[in-house]
Structures are given as structure tokens and as C-alpha cells.
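Notes for the one structure printed next.
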Amino acid sequence: MTNNSPTPRGLAPLYLAGFTTAFGAHGVASVLGSENDEIGMSLLGLGLVLALYDLAEVVLKPLFGALSDRIGAKPVIIGGLVAFAAASAVAFVMPTVLALALARLGQGAAASAFSPASSASVARLAGKQRLGRYFGRYGAWKSLGYVLGPLLGILLTQWAGIAAVYAVLGALAIVAAAWIALAMPALPVLPRTRTTLVDLAREVTARGFLVPTLMLATSTAVIGVAVGFLPLLATRLGLPPILGAVAVAVLALVSTAVQPLVGRWRDDGKISTRVGSTAGLVLAAAALVLLAIAPGAVTILVAASAFGLMTGTVTPLAFAHLADVTPDARMGRTMGSAELGREIGDAGGPLLVGAVATAWTLPAALTMLGGVSALSGLIGWLAQSPRERSEDRHSDAAS
């Protein structure tokens, strides 16, 4: 794949795959929550079923990422999408509590296969000079899935029942799999050196991996809190319940709009990972403190916009940085491990805020998360410099 070609062949179906996993994660979660009484699950049961998707991703993403390096990304992506469609079919045919739980687990396991392999393919198809541009577009389509998923899921459920959601998800997965089979080139499997546990430990603790992954985990922690706690905060303030949903939609739409732009700036040398990611995390920290000290309708929407700017900046910059310093032969493993970091942040942020809010107050919890976000940005600023990035790239290319 040459860097001078106008549009790399095979990227468009990867965008659809990214949209599908985001729609599956948030759309199904919203539907299960809204239909919980109809389904007959307890609140504990609902929590466990929702967690199955993330649990599968935490365990399996690094494994499937490494598998894509070994056998090629294309078969892993297609196999994952077909498995996603099969898991959706289980819930479509038999929407019982057990079937819904099995479908949720199966969808999470399938997404664990095609999500990191898709990220690795975006990196290899885009080429080193256009990583930001195409990771920005890929991230924008995932953000669109996050914002449209709950809306489409609830509308489909009201129109034709919960089975319709799984029918659409299965159809999307099959279309994406067929499109990738036809349009995406088979990326060659590159020679790999034998890797020991010591080598793996060295890779995941290298600055070129650890710093952008820390930033991704922190940004995802903030987003996880925003999605769960902005609606709660609006309700506690006596504001219209729709305000919380609007705030989450604003967050996702801002992120969707910003990511391609930031990615293009990165490729044109107008913004660096160091400056952009640090600024985004510090902006999120300020928004969290603002929510803590002056909660209200205006500040909720302002904070949501700030969170959208943060994730829209950090996501393409961090993923492009990871792809830039990673040899193609282990791109899948790196992307799988980085996405594991994001999943940990997605779970850890709400847990931290929930625990501190229970023991103290919600404003104190938001302020603490703001401190974590600012600290992560400071670490990113201190740990990165043009000289160090060049050294990381040279070291990784030689490994």
C-alpha cells in the first residue's frame, strides 16, 4: 500500500465494522435497560448481562489481536463478524433471559476478534503518513455507533420488539463481513520473531506503548463516567430527564465531528500527540471540576461538549501514535493490548466515581476523576518529546 494513493482500498467496510461493534455495545445495553421489566431480569441480573460484553473484551482482545498477526487480519475480522451475526441470531430466535445473556457474551467475544484486527488493518492500509486521517474517520464511525445505537435500538424495539434489534445487528455484521471479503485486500502475514514473556513485558511497558495507552484509558474512563453520571446528575438537580440523554448525544456528536479533523491536523504536522492529548485531558479535568462546583443545565452541556472534544482529540492521536511506533508484524497484538487498556478505563472510571461518591459526595468524586485526568495529561506531556518519539520509533522498528 503506497502512501500516495488517494483512498486506501478496503477502509470503508472497516468503518462499518467499527460502527457495528459500537452499535452492539451501547444499543443493546440501552434496550436491555429499557426493557428490563418486560424481560423479567433483576437489577443484578441486568448488571451481570451488560458486563458480559466488556468482560469478554477484556479477556480476549489481546489474544485475538495476536492471532491476527499470526494468520492475517482479514480472516479474523470476517470470522469475528460472522460470529457476531450468529450470536445476534440466538437472541433473535429465542429472546429469553438465558439467550440474551449468551448473545451478549457471544457478541462481546466476536467483537474482541474483529475490533483490534480492524484497528490493525486501518493502520496498515493507511500507511505511516496518513494514520491520523484514517484513524480519525474510523473513530468517528465508532462514535456515530455509540450515539445512534441507543436511539436506533429503542426505536426498533418500540416498532417491532427486541428481536428486531438483533436482526439489524446480525444483518449489519453479515454485510460488513461480505463487504470486507470482497473489497479489503488480504494483508500479507509478516515474518515475526519468537516472543518470550520478557519481550512481551518490555513491549507493554515501553514508553511508546504505555503513554498513549494510559491516555486512551483515562479518556475512556471519563467517557464512561459521563455516559452514566450526566443523566444521574441531571435527575438529581430536578432537570428534565431528556437533558441527560441530550448531553450524552452532544458528547458523541462532538467526538464524531472532531476526530477526522484532528487526525488530518496530525498528519499535516499541525498538532502532535503530546500537545493534543495533554490539552484534551486537561480540558476534561476542567470540565469535571466545573460540574463539581457549579452543576446545572448549562454546565452539563458545556462539560459534555468538552468531553467530546477530549475523546475526539485523544483517540485518533493516541491510536495513530501507537501505529506509528509499532512494527506491522505485531500491529494486531499492540492494538489488542491498547484496547484492553481502554476497556479497563471504561470499567475503572465509573467504579472510582461510584465508590468515592458513595463514601463521600458526587462532587468530590468528579473532582477526583478530574485530578486523575489532569495527572494523566501531565504524564503524557512529560513523557513525550519529538526526540523521544523518534527514539521509540527507531527502537521498535529494530525489534
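The values are calculated or read from the model by the stated rules, or taken from the named source; none is laboratory data. Owing to the predicted nature of the structure, the values given are computational and were not obtained by experimental measurement. Quick reminder, even Gly has a Cβ in these numbers, built from the backbone with ideal geometry, and neighbours come from all protein chains shown. Protein only, heavy atoms only, side chains kept; ligands, DNA and RNA dropped before computing areas. Shrake-Rupley method; radii C 1.70, N 1.55, O 1.52, S 1.80 Å.
The figures follow:
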{"item": "Karplus 3J(HN,Hα) series, Hz, for region 63-69 with 6.51 cos²θ - 1.76 cosθ + 1.60 (x for Gly, Pro)", "result": "5, 5, x, 5, 5, 5, 5"}
{"item": "Charge dipole of the chain about the Cα centre (unit charges at C-beta), most positive-ward option of ALA111, ALA365, LEU261", "result": "LEU261"}
{"item": "Å² of accessible area per residue within region 284-360, as computed with a 1.4 Å probe and no ligands counted", "result": "31"}
{"item": "Rg/Rg_globular for region 76-143, with Rg_globular taken as 2.2 N^0.38 Å and Rg from C-alpha atoms", "result": "1.38"}
{"item": "Kirkwood Rh, angstrom, the chain [1 / mean 1/r, Cα pairs]", "result": "21.1"}
{"item": "Accessible area in the full protein assembly, largest first, 1.4 Å probe, for MET94, MET310", "result": "MET94, MET310"}
{"item": "Under Karplus coefficients 6.51, -1.76 and 1.60, residue-wise ³J(HN,Hα) of region 16-25 in Hz, glycine/proline x", "result": "5, 4, x, 4, 5, 5, 5, 4, x, 5"}
{"item": "Centroid-to-centroid separation of region 285-327 and region 86-113 [C-alpha atoms, Å]", "result": "32"}
{"item": "Exposure of ILE78 as accessible area (Å², to 10), given a probe of 1.4 Å and all protein chains", "result": "40"}
{"item": "Lysines with Cα under 25 Å of LYS270, excluding same-chain neighbours fewer than 8 positions away", "result": "LYS128, LYS142"}
{"item": "Most to least packed among 287-298, 316-327 [average Cβ atoms within 10 Å]", "result": "316-327, 287-298"}
{"item": "Stokes-Einstein D in µm²/s, Kirkwood radius over Cα pairs - region 257-396 at 37 °C with 0.692 mPa s viscosity", "result": "202"}
{"item": "In Å², nearest 10: area of LEU237 left accessible to a 1.4 Å probe", "result": "70"}
{"item": "Unit charges at the beta carbon, dipole of the chain: most positive-side option, ALA164, ILE71, VAL250", "result": "ILE71"}
{"item": "Estimated FRET transfer efficiency (LEU63, ALA183; beta-carbon r; R0 41 Å; 0.05)", "result": "0.95"}
{"item": "Percent of C-alpha pairs per 5 Å bin, region 220-266, short to long", "result": "5, 21, 23, 19, 14, 9, 6, 4, 0"}
{"item": "Computed lengthening from ALA329 to ALA257, 0.36 nm per intervening residue step minus Cα-Cα distance", "result": "22.7 nm"}
{"item": "Percent carbon-and-sulfur accessible area, region 279-371, ignoring ligands, DNA and RNA, probe 1.4 Å", "result": "77"}
{"item": "Candidate lysines for bridging to LYS74, where Cα separation is under 17 Å - those fewer than 8 sequence places away on the same chain excluded", "result": "LYS61"}
{"item": "Theoretical gain in end-to-end length, GLN158 to ALA206 [0.36 nm per residue, Cα-Cα removed]", "result": "12.4 nm"}
{"item": "Solvent exposure of region 47-166 as accessible area per residue, Å², 1.4 Å probe", "result": "36"}
